[in-house]
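Asks: My structure is below; once you've seen it, I'll send some questions.
The values are calculated or read from the model by the stated rules, or taken from the named source; none is laboratory data. All figures in this text were calculated on a predicted structure; none of them were measured in a lab. All Cβ positions, even for glycine, are placed from backbone atoms using ideal geometry, and neighbour counts span all protein chains on display.
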Ligand code: PRP
């Protein structure tokens, strides 16, 4: 039996950085950690659109206690592979934060600009607590002092897609995290 030819989209991807199994195992560990802190706090999990939706949906299904979710949309990258440095709030929350234990859920922290700006905005609404949980973090790319409270994986400075992360809206659907070939976006 011959080897099936690669699909067009596969030619953009250099390698798999995190397999589906690695991601799912780490999400389960993170959920156990979060349960220790939030089980009795009826937390509000806020997903940052769009990249966080896959992580948020996997994570919340492993948190077997009462919680609520909400969504916010900040845009910093547009269709480029580099951060513009500009953070805009494009969709606001539907819930009040005052007195709530809030956990921001992100797919990736890169420069830290998005979460830093978002945390500043949300603190003005006086939550009882505000913490950050991200699946991926690139510490070498940080431009502001932003240390997430819960980190799934620290990764090198590679352009990655999949498990919610995109390049120009492509590849969010991949169940794993893959590295994009530089020639695909340069
Ligand atoms: C990505 C990611 C974070 C942000 C991180 O979002 O989901 O929100 O960039 O980058 P930073 O730490 O340098 O600010 P993006 O703007 O690409 O939108 P998306 O989630 O809709 O893909």
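Asks: Would you confirm, using the coordinates I've provided, whether residue 167 is farther than 22 Å from residue 44 by Cβ, at pLDDT below 95, touching a strand residue (DSSP E or B) at 6+ places or on another chain (Cβ under 6 Å) and surrounded by 13 or more Cβ atoms within 10 Å (Cβ to Cβ)?
Replies: yes
Asks: Let me ask something additional. For region 57-72, which residues satisfy the criterion of being more than 15 Å from residue 28 (Cβ to Cβ) and either within 14 Å of the chain's Cα centre (by Cα) or part of a helix (DSSP H, G or I) (or both)?
Replies: Those that are more than 15 Å from residue 28 (Cβ to Cβ) and either within 14 Å of the chain's Cα centre (by Cα) or part of a helix (DSSP H, G or I) (or both): 71, 72.
Asks: Let me ask you something else. Kindly indicate the residue of region 107-136 that is within 6 Å of the ligand (Cβ to nearest atom) and in a strand (DSSP E or B) and also farthest from the chain's Cα centre (by Cα) among those meeting that condition.
Replies: 109
Asks: In addition: Give me the residue from region 48-59 that is closer than 24 Å to residue 92 by Cβ and crowded, with 18+ Cβ neighbours inside 10 Å and, out of that set, nearest to the ligand (Cβ to nearest atom).
Replies: Of everything passing the filter in region 48-59, 51 is nearest to the ligand (Cβ to nearest atom).
Asks: From (1) touching a residue at least 12 places away in the same chain (Cβ under 8 Å); (2) within 22 Å of residue 91 (Cα to Cα); (3) surrounded by fewer than 20 Cβ atoms within 10 Å (Cβ to Cβ), pick out the condition that doesn't hold for residue 123.
Replies: Every condition holds for residue 123 apart from (1).
Asks: Looking only at region 1-40, how many residues end up being assigned to a helix (DSSP H, G or I), modelled with pLDDT under 95 and surrounded by 13 or more Cβ atoms within 10 Å (Cβ to Cβ)?
Replies: Within region 1-40, residues that are assigned to a helix (DSSP H, G or I), modelled with pLDDT under 95 and surrounded by 13 or more Cβ atoms within 10 Å (Cβ to Cβ) number 1.
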